[in-house]
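Below is one structure, written out as structure tokens; the observations come after it.
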Amino acid sequence: SADTSMYKAKELGRNNIQFFRPDMKEEILNKIQMESLLLKAYENKEFFIEYQPQFNAEDHHIRGFEALIRWDSPHYGRVAPMNFIPLAEEMGLIIGIGHWVLLTACHKFKELDMRFDQNLCVSVNVSAVQMRDKNFVDTVKNVLSETSMDPRQLELEITESLFIDNIEETIDMLNEIKALNVRISLDDFGTGFSSLSYLRRLPIDTLKIDKSFIDDLSDQDSSIRIVGDIISLGHNLDAHIVAEGIENSTQLDYLKANNCDCIQGFMFGKPMSVKDMEALLQKNPLK
Ligand code: C2E
Ligand code: MG
Ligand code: MG
Ligand code: MG
């Protein structure tokens with residue numbers, strides 16, 4: 001019908017004219033179903049967080065953990081973030097979900113800080129949609145005061161998609177966050193839109209090298225190994241470098257030889273439950 005084909009065309013972007021195909025109906029119904037289940041998931045507390053450890057490359061001490069959202073749906077089973085975050089962004093629901101992740105992670109880390117006193121950092125992914133919300137800076141402030149979290153132990157992971165438009169406004173907003181002493185990390189670095197001319201103007205503390213570059217390191221034939229250059233570039237910007245997605249010692253050796261600061265990947269630890277994270281900290285007293 002005209003209504004449903006409009007819906008699809010709109011989803012694909014304003015300038016995209018699409019004709020209705022019979023198989024679209026199923027796609028549309030699937031999407032509507034996921035929207036309604038996602039809304040309920042939020043209300044029914046079907047979300048939880050796993051934490052993946054990050055280590056110093058030199059001594060393998062734990063630097064902190066990245067908070068990663070999980071959705072266990074009674075209908076679908078486990079749904080990967082890549083399969084529901086974009087929909088949550090489209091629905092605006094990511095603002096509420098993102099607030100919940102930030103609050104939950106900060107709450108947990110304040111507690112861990114009091115128990116283990118290892119000065120760990122928690123990295124929380126923040127969607128561009130969430131950051132463009134005019135209340136975002138206040139939300140961060142409120143979470144910090146509600147949880148008494150030391151802002152220096154919180155790192156927000158942003159992506160380059162944030163800079164597609166309104167660069168000046170975005171930089172101002174990031175500076176407001178920096179003024180709270182919260183760390184800012186540029187995630188999936190190298191895959192996005194950063195031009196070197198404005199990269200130097202961003203108040204970035206950490207650069208996370210995208211997994212695709214790390215994957216290239218274990219490919220014997222790979223002629224271009226630009227990871228070393230990315231690390232030097234990051235250090236020239238006074239950023240701390242985290243490599244993500246490390247799975248083998250070829251990658252690790254290269255990264256260490258090229259002065260990468262921190263490492264994160266299945267080789268050292270998969271995303272884990274709160275219980276497993278606490279057991280890991282218990283086992284590894286760093287004091
Ligand atoms: P990301 O922030 O780049 O997170 C890293 C992803 O790589 C995670 O996938 C992690 O499980 C995976 N990973 C880490 N080390 C390895 C490795 O050695 N091998 C492989 N194969 N994978 C590895 P995950 O948890 O599925 O998350 C995917 C993406 O979803 C994240 O990418 C992030 O963009 C988004 N995401 C996750 N949690 C949140 C959240 O709370 N809020 C928002 N806005 N986005 C989130
Ligand atoms: Mg402390
Ligand atoms: Mg991340
Ligand atoms: Mg990433």
Check: region 37-188 dipole with +1 on Lys, Arg Cβ and -1 on Asp, Glu Cβ, in debye
500
Can you pull the three principal axis extents for the Cα set of region 131-231, in Å, largest first?
51, 29, 19
When DSSP beta bridges are limited to those with both residues in region 6-162, what percentage is antiparallel, rounded to the nearest 5?
60
Ordering of 126-137, 27-38 by burial proxy (mean other Cβ atoms within 10 Å per residue, highest first)
126-137, 27-38
Scale the Cα Rg of the chain by the rule-of-thumb value 2.2 N^0.38 Å and send over the ratio, two decimals.
1.07
Exceeding the 26 Å Cα-Cα cut-off - candidates K31/K270; K45/K208; K110/K270:
K31/K270; K45/K208
Ordered by packing density, taken as the mean number of other Cβ atoms within 10 Å over each peptide's residues, highest first, how do 56-62, 141-147 rank?
141-147, 56-62
Plugging the Cβ-Cβ distance of D23 and K270 into 1/(1 + (r/R0)^6) at R0 = 45 Å yields, to the nearest 0.05, a FRET efficiency of 0.80
Apply the Karplus curve 6.51 cos²θ - 1.76 cosθ + 1.60, θ = phi - 60°, to the phi angles in region 102-109 and return the couplings in whole Hz, x for Gly and Pro.
4, 5, 5, 5, 5, 4, 4, 6
Carbon-plus-sulfur fraction of the accessible area of the chain, 1.4 Å probe, in percent?
51
So what is the calculated 222 nm ellipticity per residue for the chain, using -39500 (n - 2.57) for each DSSP H run with n of 4 or more, over all residues, to the nearest 500 deg cm²/dmol?
-14000 deg cm²/dmol
Which ³J(HN,Hα) values in Hz, rounded to whole numbers, follow from the phi angles of region 266-272 under the Karplus curve 6.51 cos²θ - 1.76 cosθ + 1.60, where θ = phi - 60° and Gly and Pro get x?
4, 4, 10, x, 7, x, 9
Taking only protein heavy atoms into account and a 1.4 Å probe, give the accessible area per residue of the chain in Å².
52
Antiparallel %, DSSP beta bridges [both residues in the chain], to 5:
40
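The values are calculated or read from the model by the stated rules, or taken from the named source; none is laboratory data. The structure displayed is predicted, hence computed values, not measured ones. Cβ coordinates were reconstructed from backbone atoms using ideal geometry, including for glycine residues, and neighbour counts include every protein chain displayed. Accessible surface areas use protein heavy atoms only, side chains included; no ligands, DNA or RNA. Shrake-Rupley method; radii C 1.70, N 1.55, O 1.52, S 1.80 Å.
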